[in-house]
Amino acid sequence: DGVWAGTARGLVYVSDSSDVRNVRSRGLGVRLLDNVPVHALQFTGDTLWLGTEAGLMAIGSPNGRVGGVVSRPVGSDPALRRAVRSLAWSDTVLLAATDEAVLRLAPRGGVEPARVDLLDVRVVGRVTKVAIDERTMWLAGTDGVVIVSRRDGATRVLRVPGDVPGPVLDIAVNRDFLWLATAQGLIRLRRRGDGGLP
């Protein structure tokens, strides 16, 4: 029925039937999202997760309706209240990348978020993107990429400028390839059967 957009001034829903010249906020948690930059969006079933400058937030059953409730996940880790730069979802795991840590959440399990120590933000510089599929997790940034096997925790690091020509701005994956977007161009790397790189 429409599109959600994270902006430097909050969250906006644009209905398919909206006049594009009259796009406006839908009144969702104005106190939480008014002029709060939204860096990342991720749907998990009927929940829209928001990576914002003020931390991780969620809207249950959003569907573009006015009055959706913005909430915060339960958890004591202070990283949940700090800027979330990127979100990624696969099977039952939601990853939230901040400037200091990557948190693993199980949105349907109600368990305390845990830090994913194998995805070390210090290795990648300023975090730009996190990604996950059933085999592998990736964390990218200005200094490179960390690749971690979900099966056995095997870790590989691609560094700037030796392995990649510059900061990694985005990641896309499919069964056979890992794509890295950099300011110097697009890189395609073939994946092994276990999801890692040769």
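Some points to look at:
- Highlighted here are the strands (runs of 3 or more DSSP E) found entirely within region 147-198 that include at least 1 residues which are of a type in the set (D, E, K, R) and in contact with a strand residue (DSSP E or B) (Cβ under 9 Å, 6 or more places away or on another chain): 155-159, 168-173, 185-190.
- In region 45-70, the qualifying residues are those that are more than 17 Å from residue 13 (Cα to Cα) and not acidic (Asp, Glu), and the one that is modelled with the lowest pLDDT is 45.
So that you can scan it fast, the table gives a plain yes or no per residue for (1) modelled with pLDDT of 95 or more; (2) more than 30 Å from residue 59 (Cα to Cα); (3) open to solvent by 80 Å² or more (accessible area, probe 1.4 Å):
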{"site": "88", "(1), (2), (3)": "yes, no, no"}
{"site": "97", "(1), (2), (3)": "yes, no, no"}
{"site": "106", "(1), (2), (3)": "no, no, no"}
{"site": "110", "(1), (2), (3)": "no, no, no"}
{"site": "140", "(1), (2), (3)": "yes, no, no"}
{"site": "151", "(1), (2), (3)": "no, yes, yes"}
{"site": "169", "(1), (2), (3)": "yes, no, yes"}
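- Flag for residue 92 being open to solvent by less than 10 Å² (accessible area, probe 1.4 Å) and out of contact with any Ser or Thr (no Cβ under 8 Å at 6 or more places or on another chain): no
- Screening residue 71 with (1) in contact (Cβ under 8 Å) with a residue 24 or more places away in the chain; (2) among the hydroxyl-bearing types (Ser, Thr, Tyr); (3) open to solvent by 20 Å² or more (accessible area, probe 1.4 Å) gives one miss only, at (1).
- Of all residues in region 156-183, exactly one satisfies the criterion of being among the polar types (S, T, N, Q) and more than 14 Å from residue 142 (Cβ to Cβ), namely 174.
- The criterion of at least 2 residues that are in contact (Cβ under 8 Å) with a residue 40 or more places away in the chain and closer than 15 Å to residue 39 by Cα is met by the following strands (runs of 3 or more DSSP E) wholly inside region 76-146: 84-90, 93-98, 127-132.
- Some residue of region 182-195 being closer than 25 Å to residue 103 by Cα and aliphatic (A, V, I, L, M): no
- Of all residues in region 16-44, exactly one satisfies the criterion of being part of a strand (DSSP E or B) and at pLDDT below 90, namely 44.
The values are calculated or read from the model by the stated rules, or taken from the named source; none is laboratory data. All values derive from a computational prediction rather than experimental measurement. For neighbour counting, all protein chains shown are included, and Cβ atoms are generated from backbone atoms with ideal geometry for every residue, glycine included. Accessible surface is based on the protein model in full, side chains and every heavy atom, while ligands, DNA and RNA are left aside. Shrake-Rupley method; radii C 1.70, N 1.55, O 1.52, S 1.80 Å.
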